[in-house]
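**Student:** Encoded as structure tokens, here's the structure I'll be asking about.
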Amino acid sequence: MLAQMLQMEFDREYDAQLRREEKKFNGDSKVSISFENYRKVHPFDSDSSEDEVDWQDTRHDPYRADKPTTTPKKGFIGKGKDITTKHDEVVCGRKNTARMENFAPEFQVGDGIGMDLKLSNQVFNALKQHAYSEERRSARLHEKKEHSTAEKAVDPKTRLLLYKMVNAGMLETITGCISTGKESVVFHAYGGKSTNEDDKVIPPECAIKVFKTTLNEFKNRDKYIKDDYRFKDRFSKLNPRKIIRMWAEKEMHNLTRMQNAGIPCPQVVILKKHVLVMSFIGQDQVPAPKLKDVKLSSEDMKKAYYQILNMMQRLYKECSLVHADLSEYNMLWHDGKVWLIDVSQSVEPTHPHGLEFLFRDCRNVSQFFQKGGVTEALNERELFNAVSDLNIAADNEVDFQAEIEALEKVNEDHVQKHGKKVSAFPSDGDPPIYDE
Ligand code: ADP
Ligand code: MN
């Protein structure tokens with residue numbers, strides 16, 4: 001853009017010089033020569049109005065053409081004072097009207113047939129300019145339309161990445177898209193052979209999560225990663241593209257932690273840039289339903305609840321993680337149990353907002369199961385205490401929230417004082433993890 005602007009500036013200067021030379025050359029001579037053909041700036045790029053003529057207030061009936069006057073070879077007709085050159089307003093105007101035929105066919109020039117229309121140079125140039133930009137605009141729109149389907153899925157660079165995975169034999173085929181979210185697109189694929197890097201067996205069915213490289217939606221996720229001390233040193237130095245890779249990386253690390261703790265979740269296969277390949281939860285290309293979409297028997301509902309309580313505890317204690325987006329949307333029902341997914345935003349409990357996130361998770365889980373008829377389901381405050389062992393005594397939402405924020409504050413101050421080392425939250429004793 002800058003280069004083009006500079007070029008335009010150069011061209012304008014060149015043209016101005018040309019005009020000066022033209023003027024010098026012609027002097028007062030009645031017949032002048034034009035250097036117009038040597039100008040750099042295309043007439044409809046500039047709005048030069050040196051030939052400015054307004055709509056003629058013509059004495060002629062506009063519907064009846066005068067007998068056509070053609071400009072002879074010599075460029076002018078008549079004698080002495082009555083000389084008519086090709087710059088004559090009327091001649092020029094008629095010529096301009098005729099030239100409108102050359103505009104792009106989609107451009108409506110109106111019905112001028114039989115009308116003696118004379119377009120002034122200025123009007124003609126404006127129209128021409130408009131026709132030209134219209135043409136470019138519609139070309140752009142068309143282009144966009146053609147790209148949109150592909151764009152919704154993945155950009156060319158991502159497609160190349162996926163193609164390479166298939167080409168390397170790591171994936172057999174990519175069958176189609178499972179989900180397009182704001183921040184990611186998830187594909188289903190059949191696993192191929194291990195690329196013998198570490199002899200990891202590739203699951204027969206895989207889910208490919210492509211983190212979207214369109215940046216807008218990630219802006220409001222800053223708070224998750226910015227305050228996560230694990231990424232603190234890196235965050236400020238990164239460009240947006242790398243930050244998106246970091247989301248993918250975060251999801252991978254979090255899934256690995258969960259895997260190690262035996263929490264049912266997708267198993268990481270490989271991470272390449274912003275593309276995370278993991279095992280597919282589901283079968284024969286059909287993804288397992290989300291908890292919100294599946295109708296469980298009251299027995300299964302109760303089972304699911306206790307399983308989630310157990311998973312939340314293990315996530316907190318063994319993985320030192322808070323899911324931070326836990327709800328019936330991010331839990332899948334598969335093989336008679338609940339699987340946790342979507343952990344790119346998960347943080348450690350000591351994250352400056354970690355406990356708030358945990359409380360929100362607890363609220364979602366409590367509400368879902370209480371509405372779902374699980375009478376044993378703890379309320380959100382009880383659940384929070386059961387997961388974190390923080391034993392916050394407040395018996396109402398507001399006070400509870402306030403105590404959570406106070407705890408976070410204490411922890412923040414500790415971080416300020418002692419650098420990056422984060423103290424674990426104190427807990428009284430070590431109550432047993434709920435065992436199914
Ligand atoms: P988002 O950030 O877009 O919510 P998710 O990780 O929740 O991303 O994935 C979106 C959807 O894709 C999920 O709701 C689920 O239906 C499907 N999905 C994601 N990962 C898997 C997986 N490993 N197996 C099966 N389905 C998955
Ligand atoms: Mn999700």
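**Student:** Could you please find all residues in the range 339-384 being away from ligand 2 (no atom under 16 Å from the Cβ) and more than 20 Å from Glu403 (Cα to Cα)?
**Tutor:** Within the range 339-384, Gln367, Phe369, Gln370, Lys371, Gly372, Gly373, Val374, Thr375, Glu376, Ala377 meet the criteria.
**Student:** Scan the range 385-402 and tell me whether some residue there is within 16 Å of ligand 2 (Cβ to nearest atom) and in contact (Cβ under 8 Å) with a residue 24 or more places away in the chain. Even if it seems obvious, please write down each step before you answer.
**Tutor:** Residues of the range 385-402 within 16 Å of ligand 2 (Cβ to nearest atom): none.
Taking every residue of the range 385-402 in turn, none turns out to be within 16 Å of ligand 2 (Cβ to nearest atom) and in contact (Cβ under 8 Å) with a residue 24 or more places away in the chain.
**Student:** Restricting attention to the range 263-274, does a residue exist that is in contact (Cβ under 8 Å) with a residue 24 or more places away in the chain, over 27 Å from Arg159 (Cα atoms), away from ligand 2 (no atom under 16 Å from the Cβ) and among the polar types (S, T, N, Q)?
**Tutor:** No, the range 263-274 contains no residue that is in contact (Cβ under 8 Å) with a residue 24 or more places away in the chain, over 27 Å from Arg159 (Cα atoms), away from ligand 2 (no atom under 16 Å from the Cβ) and among the polar types (S, T, N, Q).
**Student:** Step by step: first the residues of the range 307-338, then only those that are closer than 17 Å to Gln367 by Cβ and in a helix (DSSP H, G or I), then the one that is farthest from ligand 2 (Cβ to nearest atom). Which residue is that?
**Tutor:** Leu309
**Student:** Select from the range 284-300 the residues that are assigned to a loop (DSSP other than H, G, I, E, B) and open to solvent by 80 Å² or more (accessible area, probe 1.4 Å) and list them in ascending order. Quick ask: steps written out before the conclusion?
**Tutor:** Of the range 284-300, the ones assigned to a loop (DSSP other than H, G, I, E, B) are 284-285, 288-289, 294-297.
Asp284, Gln285, Lys295, listed by residue number.
**Student:** When the range 21-33 is examined, which residues are found to be loosely packed, with under 11 Cβ neighbours inside 10 Å and not hydrophobic (A, V, I, L, M, F, W, C)? Give the derivation first.
**Tutor:** Step one: filter the range 21-33 for residues loosely packed, with under 11 Cβ neighbours inside 10 Å, giving 24, 27-31, 33.
Selection gives Lys24, Gly27, Asp28, Ser29, Lys30.
**Student:** Can you confirm whether the range 169-190 contains a residue that is open to solvent by 50 Å² or more (accessible area, probe 1.4 Å), basic (Lys, Arg) and more than 12 Å from ligand 1 (Cβ to nearest atom)?
**Tutor:** No, because not a single residue in the range 169-190 is open to solvent by 50 Å² or more (accessible area, probe 1.4 Å), basic (Lys, Arg) and more than 12 Å from ligand 1 (Cβ to nearest atom).
**Student:** Which of the residues that make up the range 358-378 are surrounded by fewer than 16 Cβ atoms within 10 Å (Cβ to Cβ) and within 22 Å of Ser346 (Cα to Cα)?
**Tutor:** Gln367
One line per residue, one yes/no per condition, for (1) within 16 Å of ligand 1 (Cβ to nearest atom); (2) over 26 Å from Val286 (Cα atoms); (3) open to solvent by 20 Å² or more (accessible area, probe 1.4 Å):
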| site | (1), (2), (3) |
| --- | --- |
| Lys302 | no, no, yes |
| Gln313 | no, yes, no |
| Cys319 | no, yes, no |
| Glu328 | yes, no, yes |
| His334 | yes, no, yes |
| Val338 | yes, no, no |
| Asp389 | no, yes, no |
| Val398 | no, yes, yes |
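**Student:** Select, from Lys182, Lys200, the only residue that is part of a loop (DSSP other than H, G, I, E, B) and within 16 Å of ligand 2 (Cβ to nearest atom). Don't jump to the end; show me each part of the working.
**Tutor:** Numbers: Lys200 fails: within 16 Å of ligand 2 (Cβ to nearest atom).
Result: Lys182 is the single residue among Lys182, Lys200 that is part of a loop (DSSP other than H, G, I, E, B) and within 16 Å of ligand 2 (Cβ to nearest atom).
**Student:** Checking Leu238 against (1) open to solvent by 50 Å² or more (accessible area, probe 1.4 Å); (2) at pLDDT below 80, only one condition comes out false. Which one?
**Tutor:** (1)
**Student:** Name every residue in the range 259-280 that is among the hydrophobic types (A, V, I, L, M, F, W, C), within 10 Å of ligand 1 (Cβ to nearest atom) and open to solvent by less than 10 Å² (accessible area, probe 1.4 Å), in order of residue number.
**Tutor:** Matches in the range 259-280: Cys265, Leu276, Val277.
**Student:** So which residues in the range 126-168 are of a type in the set (S, T, N, Q) and either open to solvent by less than 60 Å² (accessible area, probe 1.4 Å) or modelled with pLDDT under 85 (or both), if there are any at all?
**Tutor:** Correct list: Gln129, Ser133, Ser138, Ser148, Thr149, Thr158.
**Student:** Could you please let me know if His323 is closer than 29 Å to Phe211 by Cβ, under 32 Å from the mean Cα position of the chain (by Cα), away from ligand 1 (no atom under 16 Å from the Cβ) and of a type outside the set (A, V, I, L, M)?
**Tutor:** On the way: closer than 29 Å to Phe211 by Cβ: yes; under 32 Å from the mean Cα position of the chain (by Cα): yes; away from ligand 1 (no atom under 16 Å from the Cβ): no; of a type outside the set (A, V, I, L, M): yes.
No; evaluated as a whole, the condition is false for this residue.
The values are calculated or read from the model by the stated rules, or taken from the named source; none is laboratory data. The model shown is predicted, which means the values in this text are computed figures rather than measured ones. Neighbour counts run over all protein chains shown; Cβ positions are idealised from the backbone, glycine included. Note: accessible area is taken over every heavy atom of the protein model, side chains too, but ligands, DNA and RNA are not part of it. Shrake-Rupley method; radii C 1.70, N 1.55, O 1.52, S 1.80 Å.
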